[in-house]
């Protein structure tokens with residue numbers, strides 16, 4: 001069977017007899033060429049997929065907190081939505097920045113270096129107008145820059161917003177965010193070198209009918225101290241550990257809630273001399289250093305916890321609790 005010619009081989013022989021030319025087998029049987037794509041090692045991704053998913057989870061939670069904060073503070077319908085998260089070079093990101101935007105440089109410990117928050121002027125002016133009691137209008141095209149008063153108002157708002165950022169990060173790793181400075185010129189918002197890899201988180205802020213963007217720029221080198229915590233596995237393990245800790249707390253609370261404690265009611269301390277104390281006889285009357293209208297102190301295991309008034313209920317003495325003694329009052 002191996003000596004039987006195929007139809008294609010027969011056609012090649014007939015073509016050779018007719019023309020006297022030998023047809024190339026390579027042309028008759030073209031091979032599929034493998035196409036290669038040039039790889040630039042300078043553009044290699046530095047953020048892992050797990051880190052990007054963790055950042056997505058963090059800022060998705062932040063957008064929910066920001067929606068509630070803006071709605072309650074501005075007293076108008078607001079919505080914050082995370083649009084995208086991507087890895088870029090800082091040069092590519094900075095080239096897309098425009099003047100008159102509000103750039104906030106943040107210090108996020110234990111992260112190293114600085115991070116950048118960019119807020120569009122439409123969103124910033126809508127916030128300012130609502131805080132001052134006006135409508136959420138768009139920015140005036142003839143307005144060139146923020147005034148000093150407007151910057152002070154925005155600084156106070158942003159300091160409250162970064163508290164929400166701390167809360168969003170707390171589920172992964174506790175951080176302390178502080179506002180370093182505010183700029184309106186992108187040239188003064190260069191937090192890293194142009195070739196540094198950064199993660200850009202883009203959010204859409206809608207205040208009534210006004211929409212604008214908010215960007216977070218997180219350099220890759222800044223997350224070095226928390227790389228391990230930024231894995232989804234660490235997040236899930238942390239959640240499970242928290243659930244286990246809550247379960248143990250409830251169990252311990254159930255075990256100790258029926259424990260018996262000594263509750264002691266005391267009058268004010270009365271001092272006397274040793275001679276008077278030795279000469280006390282049955283029937284003597286002691287004059288206490290405690291006025292009739294003065295409150296009785298109640299101690300729980302020798303710790304002052306309550307104040308009350310002495311009275312009678314049925315055929316027993318009783319104490320009516322008037323207020324609670326906090327730690328500062330007991331010291």
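Tabulated results
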| item | result |
| --- | --- |
| Size-normalised alpha-carbon gyration radius of segment 263-330, reference 2.2 N^0.38 Å | 1.34 |
| Peptides 286-297, 147-158, 193-204, 116-127 ordered by average Cβ neighbours within 10 Å, highest first | 116-127, 193-204, 147-158, 286-297 |
| Three-way shape call for segment 178-235 based on the alpha-carbon gyration tensor, with the a/c threshold at 1.5 | oblate |
| Length gained when the stretch residue 318-residue 145 is fully extended (0.36 nm per residue, less Cα-Cα span) | 55.2 nm |
| Cα-based shape type of segment 70-146, given that a ≥ b ≥ c are square roots of the gyration tensor eigenvalues and the cut on a/c is 1.5 | prolate |
| Calculated Rg and Dmax of segment 141-187 using C-alpha coordinates, Å | 14.0, 44 |
| Estimated inter-spin distance, residue 84 and residue 11, nm [label 7 Å along Cα→Cβ] | 4.9 nm |
| Nearest-0.05 FRET efficiency for residue 176 and residue 76, computed from C-beta distance (R0 41 Å) | 0.85 |
| Relative contact order [Cα under 8 Å, 6+ residues apart], segment 43-241, whole percent | 35 percent |
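Bear in mind these aren't lab numbers, they're just calculated from the coordinates by the rules spelled out. As the structure is a computational prediction, the values presented were derived from the model and not from experiment. With ideal geometry, Cβ positions are generated from the backbone for all residues, glycine too; neighbour counts draw on all protein chains shown.
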